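Presented below is the structure to which this report refers.
Quick note: the coordinates plus some simple rules give every number you see, no bench work behind them. In this text the structure is predicted, and so the values were computed from the model without any measurement. With ideal geometry, Cβ positions are generated from the backbone for all residues, glycine too; neighbour counts draw on all protein chains shown.
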Amino acid sequence: MTTLQLVLKRLGAAALTLLLVSVIVFTISSLLPGDAASETLGQSATPEAVAALRAELGLNEPAPARYLHWLGGLVTGDPGLSMSSDLPVRTLIANRLPKSLFLAGLTALVATPIALAIGVAAAMRKDSALDRGLSLLTLSMVAAPEFLIATLGVLLFAVKLRWLPSITLIPEAPTPLDLFRAYALPVATLAFVVIAQMARMTRAAVIDQLQQPYVEMATLKGLSRVRVVLVHALPNAAGPIANAIALSLSYLLGGAIIVETIFNYPGIASLMVDAVTSRDMPLLQTCAMIFCAAYLALVLIADICAILSNPRLRQA
């Protein structure tokens, strides 16, 4: 099977997975207690008023009809109106999505070089005290949940030291210092786990290359350890490292929900939390699908990187 055929096969599988995910997202969100009509009108609303609003919002239609209507709008780029604000869902998302992408991109920009440095350093000194110390450190970082890191960061840097704000406030004309203060805690919280995941997978990829015969040949020729790693092993490990980066960045999606909520960051994750509170189904379902699609895209990129870097996988 050629590389193109494998990539097309993975794309087809991702599309089918996304379709199944849409069914699951729609079903689970429909099972949430309460609805947008009751939340909008409040507890003092009469049953007649709630029933009239439900009919207006289309909540009385059968679930399959509502699903097909929503899926059709999602595919065409028009997922409908927000039930709580009566604004187009795509408008609400368009205002928040760039902020979440900026936060994720900034986190990746910070985390990737740090993780690569840790992973390569640990691989070069395999089984040494440095390697064991870094492995223990990264394992501890992986085990620490995002909400704990965020809470400790707020307590230390915002409450105790008063160096950074506890919530993300960005002025209209921010200076570099304003941006640093606003993004320092959210980025550090998200990067904490991502660095650990990426560093551990980078270490494994580099160690695998250092065990290859060409590395032994380069060492016998008298090349230094640093040159062997940077010039020979690291380029050959580029595929697995790219795979590790893509998989590690997928962890940003789960952490973004916690971080945006704790730091009141105006991104799409906090928008989805608000949609859950107001039972705004079109907005909630669309936000959930965006997160699922982003996760599948990162996993697909990691899969393609693995295929391109490992010819044996092309026989799968």
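Which whole-Hz couplings ³J(HN,Hα) result when phi for each residue of region 198-203 is put into the Karplus expression 6.51 cos²θ - 1.76 cosθ + 1.60, θ = phi - 60°, listed in order with x for Gly and Pro?
Running phi through 6.51 cos²θ - 1.76 cosθ + 1.60 with θ = phi - 60° gives 5, 5, 5, 6, 5, 4 Hz.
To the nearest 10 degrees, how steeply does helix 268-278 sit against the main Cα axis of the chain, on a 0 to 90 scale?
30 degrees
What length, rounded to one decimal in nm, is gained on full extension from L169 through to L136, with 0.36 nm per residue of separation minus their alpha-carbon distance? Could the numbers behind the result be given before it?
Working: separation 33, 0.36 × 33 = 11.88 nm, distance 3.51 nm.
Separation in residues times 0.36 nm, less the Cα-Cα distance, equals 8.4 nm.
Could you give the angle, 0 to 90 degrees to the nearest 10, between helix 63-75's Cα long axis and the longest principal axis of the Cα atoms of the chain?
The two axes meet at around 60 degrees.
Once Lys and Arg get +1 and Asp and Glu get -1 on their Cβ, which of V75, P186, P213 lies farthest toward the positive end of the dipole of the chain?
Most positive-ward Cα: P213.
How large is the dipole of the chain about the Cα centre if only Lys and Arg carry +1 and Asp and Glu carry -1, each at its Cβ, rounded to the nearest 20 debye?
Details: 21 positive and 18 negative charges, 310 e Å.
That gives the chain a dipole magnitude of about 1480 debye.
Projecting each Cα onto the charge dipole of the chain (Lys/Arg +1, Asp/Glu -1 at the beta carbon, about the Cα centre), which of S270, I24, V159 comes out farthest on the positive side?
The residue sitting farthest along the positive end of the dipole is V159.
For the charge dipole of the chain, defined by +1 on Lys and Arg C-beta atoms and -1 on Asp and Glu C-beta atoms about the Cα centroid, which residue among A244, L130, L101 has the Cα displaced farthest towards the positive pole?
About the Cα centre, the residue reaching furthest to the positive side is L130.
Which angle between 0 and 90 degrees, to the nearest 10, do you get for helix 129-143 versus the longest principal axis of the chain when only C-alpha atoms count?
Approximately 10 degrees, to the nearest ten.
Skipping prolines and chain starts, which residues have an amide H placed within reach, meaning under 5 Å, of the one on L81, given they are 5 or more residues away or on another chain?
V89
State the extension gain, in nm to one decimal, for the chain segment bounded by A94 and A144, taking 0.36 nm per residue of separation less the distance between their alpha-carbons. Kindly include the intermediate steps, with their values, before the conclusion.
Working: separation 50, 0.36 × 50 = 18.00 nm, distance 3.22 nm.
Full extension from A94 to A144 adds 14.8 nm.
Using just the alpha carbons, could you tell me how many Å³ per residue the convex hull of the chain encloses?
176 Å³
If you take the alpha carbon radius of gyration of region 189-316 and divide it by 2.2 N^0.38 Å, what ratio comes out, to two decimals? Please list the in-between numbers first.
Values: Rg = 20.0 Å, N = 128, 2.2 N^0.38 = 13.9 Å.
With N residues counted in region 189-316, Rg over 2.2 N^0.38 Å equals 1.43.
Where does the charge balance sit around G153 when Lys and Arg score +1, Asp and Glu -1, over other residues with C-beta under 15 Å from its C-beta?
The answer is +1.
With only Lys, Arg, Asp and Glu charged, each at its Cβ (+1 for the first two, -1 for the last two), find how big the charge dipole of region 48-160 is about the Cα centre; round to the nearest 20 debye.
Dipole about the Cα centre, nearest 20: 500 debye.
Distance between the C-alpha centers of region 175-196 and region 249-279? Whole Å please.
16 Å
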